Structures are given as structure tokens and as C-alpha cells.
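What follows is a single structure, written as C-alpha cells, with notes after it.
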Amino acid sequence: MSVVAKGGEQWTNHVLFRDYLRYHESDARAYASLKMTLASQYRHDRTTYMSRKGPLINRAILCKAYRWRNT
């Protein structure tokens, strides 16, 4: 759990990411699959688990989500 300011960049990214995945099933499945794989590989290493999710979240899904929001 984390605390962020409502309306701030982290909050905006989180809400946009959530909403985008609700409407884009293939990306939601890819994210879920990655999480399951990483969770099994890095069961006791949360730092690596989180860093390995970053590229898919930040470079792929969030980029698509911002384009989706602006259409």
C-alpha cells in the first residue's frame, strides 16, 4: 500500500493504468501473466519484482493508456 496525493502524477498514472486495463483485455492478460511469472521467480525479492514490472508498465501500457485517454 502507498499514499499519494489525489490528482498528482502517481495518482493520475495509477487511475489511468487501472481504467485502461479494464477496457483492454489483451494488455490486462499480459500484465497478469508477467506478474505471475515474476512473483514465482522473485518470491522473496520485492525490489527486483517491482523493477522487472516497470518496463511493461511504464514503457508499454502507460504510453498506450495516455494515447487512449487523449482519443
Please enumerate the residues belonging to region 41-71 that are surrounded by 11 or more Cβ atoms within 10 Å (Cβ to Cβ), of a type in the set (Lys, Arg) and more than 20 Å from TYR20 (Cα to Cα).
-> ARG52
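Would you say ARG43 is in a helix (DSSP H, G or I), at negative phi and not aliphatic (A, V, I, L, M)? If you could, list the steps in order and put the result at the bottom.
Working: in a helix (DSSP H, G or I): no; at negative phi: yes; not aliphatic (A, V, I, L, M): yes.
Here the answer is no, as ARG43 does not meet what is asked.
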Taking only region 8-27 into account, find how many residues are within 11 Å of the chain's Cα centre (by Cα) and of a type in the set (Ser, Thr, Tyr).
-> 1
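Could you please find all residues in region 1-40 being in contact (Cβ under 8 Å) with a residue 12 or more places away in the chain, assigned to a helix (DSSP H, G or I), surrounded by 12 or more Cβ atoms within 10 Å (Cβ to Cβ) and not acidic (Asp, Glu)?
The initial filter retains those residues of region 1-40 that are in contact (Cβ under 8 Å) with a residue 12 or more places away in the chain, namely 13, 16-17, 19-21, 23-24, 27, 30-31, 34-35, 38.
From what is left, the residues that are assigned to a helix (DSSP H, G or I) are 13, 16-17, 19-21, 23, 27, 30-31, 34-35, 38.
Subset that is surrounded by 12 or more Cβ atoms within 10 Å (Cβ to Cβ): 13, 16-17, 19-21, 27, 30-31, 34-35, 38.
Of everything in region 1-40, those that are in contact (Cβ under 8 Å) with a residue 12 or more places away in the chain, assigned to a helix (DSSP H, G or I), surrounded by 12 or more Cβ atoms within 10 Å (Cβ to Cβ) and not acidic (Asp, Glu) turn out to be ASN13, LEU16, PHE17, TYR20, LEU21, ALA30, TYR31, LEU34, LYS35, LEU38.
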In the set ALA5, ALA30, ALA39, which member is small (Gly, Ala, Ser) and under 13 Å from the mean Cα position of the chain (by Cα)?
-> ALA30
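Each reported figure results from applying straightforward, stated rules to the coordinates on display, with no laboratory input. Model, not experiment: these values are computed from the prediction. Cβ: placed from backbone, ideal geometry, glycine included. Neighbour counts: every protein chain shown.
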